[in-house]
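Q: First the structure, then my questions, so here it is.
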Amino acid sequence: MDLMQKKTSGKNLQPDTVLAHTGRDPGDFHGFVNPPVVHASTVLYPDVETMASGGQRYSYGRRGTPTTEALENAITELEGAAGSRLANSGLNAVALACLSCLKAGDHFLIPDTAYGPTRHFADTVLPNLNVVVEYYDPALGENIRSLFRPNTTAVFVEAPGSLTFEMQDIPAIADAAKGIGATVLMDNTWASPLYCKPLELGVDLSIQAGTKYIVGHSDVMLGTIAASAKAWPGLNSLHGAMGVHVAPDDVYLALRGLRTMSVRLERHYKNTMAVIDWLRDRPEVGAIRYPALETDPGHAIWKRDFSGASGLFAFDFKEGTTADQSARFFNTLNLFGLGFSWGGFESLAIPVKLKGIRTATQVAPNFQSARLHIGLEDPKDLISDLEQAFEKAFT
Ligand SMILES: *Cc1c(COP(=O)(O)O)cnc(C)c1O
């Protein structure tokens, strides 16, 4: 069928075009634009010979369906990877990626600024497997070499850092890691595969909490892991061995979210800049943590390695702000929901306590801080909401 010729792979198309065409082949499904939602466990074989040869495209629901394969193919193409696997959540993707390249006796470096639950996984699961976890200062670039041991086999990176938004010199770290044959893993959730291409920066395993911008509508938990040729066999094998399977309706929603990710991100970015521009002049606000700001310490690296910024940032309340004032601010917000996660169409806010969350570096401020996710609402309304909350909190 002619429609089957409409493959996008290998054609060097622009990312927006890839998002519209990747992970679907209407020729496979009678011309319907989207792949079907296949609910499946058993797949039937025509005869014992086919069953024995393993020559059939699908073998069992857990091993993959046209629905899961469509999203995996899309992620593989978007990330420029050798292969991709889906996970049940972003955290599950982190855990699977780590387990796919670590074994007993290994030394594993993790930035001090990694996502909190990633640290929890590393602190509670990996020691039982006799993996030695060491946290490092995210500001280390090529000097990460000074921490390498004979058994260092993997280095994790995450930029910008969780809650504090430090950038990392990923090409320098990846280069150093390559020198000792170590695998580099990156949690790239903040930038999405549109604004940062980890594999092009030297990363082997690129992790997304698909829950955030890929799904984009706060209604599905899902993770993705894209692997380089070096990391793919390990990832594929571990993923199969662990029996990970993501339900087809959720995969379908992620695939649907992916189609509009670029236009959503563009608006998240624009709205965020508008809100930050306003926040900068507020007397209640101290430091703003967002690498796209030219005053941010990570701005030069962001500009070099990323092609855009998303809707998540943090700010400190001015010095001397009390816990009561901070609580009143959050309690008074109307349009900003008070809740965890981010990446959906709606704006969110959470109070952040920086004290005590780092072990390898100092987080200086004992300030009251806020993390905001700027959604797709009109920024004028978001600014009005913030303004009335500041006024009620600080008078
Ligand atoms: C949310 C998040 C995760 C975890 O994703 P879940 O789908 O919530 O498990 C991992 N890394 C980062 C940076 C995140 O923001």
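Q: Checking D250 against (1) over 30 Å from S41 (Cα atoms); (2) surrounded by fewer than 23 Cβ atoms within 10 Å (Cβ to Cβ); (3) within 16 Å of the ligand (Cβ to nearest atom), which test does it fail?
A: Of everything listed in (1) over 30 Å from S41 (Cα atoms); (2) surrounded by fewer than 23 Cβ atoms within 10 Å (Cβ to Cβ); (3) within 16 Å of the ligand (Cβ to nearest atom), D250 misses just condition (1).
Q: Looking at region 211-228, is at least one residue in contact with a helix residue (DSSP H, G or I) (Cβ under 8 Å, 6 or more places away or on another chain), at pLDDT 95 or above and charged (D, E, K, R)? Break it down into steps so the answer makes sense when it comes.
A: Going through region 211-228, the residues in contact with a helix residue (DSSP H, G or I) (Cβ under 8 Å, 6 or more places away or on another chain) turn out to be 211-217, 219-228.
Add one more test, that the residue is at pLDDT 95 or above, and what stays is 211-217, 219-228.
Now narrow it down to the ones that are charged (D, E, K, R): 212, 219.
So far as region 211-228 goes, yes, one or more of its residues are in contact with a helix residue (DSSP H, G or I) (Cβ under 8 Å, 6 or more places away or on another chain), at pLDDT 95 or above and charged (D, E, K, R).
Q: If you don't mind, there's one more thing I want to ask. Would you point out which residue out of F108, F165, F148, F156 is of a type in the set (F, W, Y), in contact with a Ser or Thr (Cβ under 9 Å, 6 or more places away or on another chain) and more than 29 Å from I288 (Cα to Cα)?
A: Just one listed residue meets the conditions, F108.
Q: Can I ask one more? Taking region 145-192 on its own, how many of its residues are of a type outside the set (A, V, I, L, M, F, W, C) and under 15 Å from Y135 (Cβ atoms)?
A: Final tally of qualifying residues: 10.
Q: A further question on this structure: If A349 meets every condition in (1) buried (at least 18 other Cβ atoms within 10 Å of the Cβ); (2) away from the ligand (no atom under 16 Å from the Cβ); (3) not in a loop (DSSP other than H, G, I, E, B) apart from one, which number is that one?
A: Here A349 meets the rest and fails (2).
Q: Quick test of your reading of the structure: M221 fulfils all but one of (1) surrounded by fewer than 24 Cβ atoms within 10 Å (Cβ to Cβ); (2) closer than 22 Å to A309 by Cβ; (3) within 13 Å of the ligand (Cβ to nearest atom). Name the failing condition by number.
A: Single failed check for M221: (2).
Q: Would you point out which residue out of A104, A95, A74 is aliphatic (A, V, I, L, M), modelled with pLDDT of 95 or more and assigned to a loop (DSSP other than H, G, I, E, B)?
A: It is A104.
Condition check ((1) touching a Ser or Thr at 6+ places or on another chain (Cβ under 8 Å); (2) outside any helix (DSSP H, G or I)) across all residues:
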{"position": "D281", "(1), (2)": "no, yes"}
{"position": "A300", "(1), (2)": "no, no"}
{"position": "S310", "(1), (2)": "yes, yes"}
{"position": "F315", "(1), (2)": "yes, yes"}
{"position": "G320", "(1), (2)": "no, yes"}
{"position": "D324", "(1), (2)": "no, no"}
{"position": "R328", "(1), (2)": "no, no"}
{"position": "L335", "(1), (2)": "yes, yes"}
{"position": "F340", "(1), (2)": "no, yes"}
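Q: Looking at (1) touching a residue at least 40 places away in the same chain (Cβ under 8 Å); (2) in contact with a Phe, Trp or Tyr (Cβ under 7 Å, 6 or more places away or on another chain); (3) farther than 18 Å from H299 by Cα, which one does V131 not meet, given that it meets all the others?
A: For V131, the exception is condition (1).
Q: Let me ask something else. Being within 16 Å of the ligand (Cβ to nearest atom) and under 30 Å from I350 (Cα atoms) is true for just one of V133, V94. Which residue is that?
A: Only one candidate qualifies: V94.
So that you can scan it fast, the table gives a plain yes or no per residue for (1) closer than 27 Å to L253 by Cα; (2) assigned by TED's automatic domain parsing to the domain that holds A254; (3) surrounded by fewer than 24 Cβ atoms within 10 Å (Cβ to Cβ); (4) β-branched (V, I, T):
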site: P127; (1), (2), (3), (4): no, yes, yes, no
site: V131; (1), (2), (3), (4): no, yes, yes, yes
site: V157; (1), (2), (3), (4): no, yes, no, yes
site: P171; (1), (2), (3), (4): no, yes, yes, no
site: A177; (1), (2), (3), (4): no, yes, no, no
site: V184; (1), (2), (3), (4): no, yes, no, yes
site: I214; (1), (2), (3), (4): yes, yes, no, yes
site: H217; (1), (2), (3), (4): yes, yes, yes, no
site: A229; (1), (2), (3), (4): no, yes, yes, no
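Q: In addition: With respect to T164, determine if the residue is over 21 Å from G243 (Cα atoms), modelled with pLDDT under 95 and either aliphatic (A, V, I, L, M) or surrounded by fewer than 22 Cβ atoms within 10 Å (Cβ to Cβ) (or both). Before you say what the answer is, go through the steps one by one.
A: Details: over 21 Å from G243 (Cα atoms): yes; modelled with pLDDT under 95: yes; either aliphatic (A, V, I, L, M) or surrounded by fewer than 22 Cβ atoms within 10 Å (Cβ to Cβ) (or both): yes.
In short, yes.
Q: Anything in region 302-320 that is more than 18 Å from L163 (Cβ to Cβ) and in contact (Cβ under 8 Å) with a residue 12 or more places away in the chain? List them, or say none.
A: D305, F306, S307, G308, K318, E319
Q: Only one of these is at negative phi and within 12 Å of the ligand (Cβ to nearest atom): S146, S192, S162. Name it. Can you show your working first?
A: Details: S146 fails: within 12 Å of the ligand (Cβ to nearest atom); S192 fails: at negative phi.
None of the other options fit; the residue is S162.
Q: Those residues that are part of a loop (DSSP other than H, G, I, E, B), among the aliphatic types (A, V, I, L, M) and within 16 Å of E72 (Cα to Cα), I need them from region 213-232; list them, please.
A: If the condition is that a residue be part of a loop (DSSP other than H, G, I, E, B), among the aliphatic types (A, V, I, L, M) and within 16 Å of E72 (Cα to Cα), then I214, V215, M221, L222, A229, A231 are the ones that fit.
Q: A follow-up question, please. Looking only at region 165-178, filter to residues that are away from the ligand (no atom under 12 Å from the Cβ) and assigned to a loop (DSSP other than H, G, I, E, B); which one of those is nearest to K353 (Cα to Cα)?
A: Looking at residues that are away from the ligand (no atom under 12 Å from the Cβ) and assigned to a loop (DSSP other than H, G, I, E, B), I get E166.
Q: Just wondering, is there one or more residues in region 192-205 that are within 26 Å of V37 (Cβ to Cβ) and hydroxyl-bearing (S, T, Y)?
A: Filtering region 192-205 for residues within 26 Å of V37 (Cβ to Cβ) gives 192-194.
Okay, now just the ones that are also hydroxyl-bearing (S, T, Y), so 192.
Looking through region 192-205, at least one residue is within 26 Å of V37 (Cβ to Cβ) and hydroxyl-bearing (S, T, Y).
The values are calculated or read from the model by the stated rules, or taken from the named source; none is laboratory data. Because the structure is predicted, anything quoted here is derived from the model rather than measured. Every residue, glycine among them, receives a Cβ derived from its backbone with ideal geometry; neighbour counts consider all protein chains shown.
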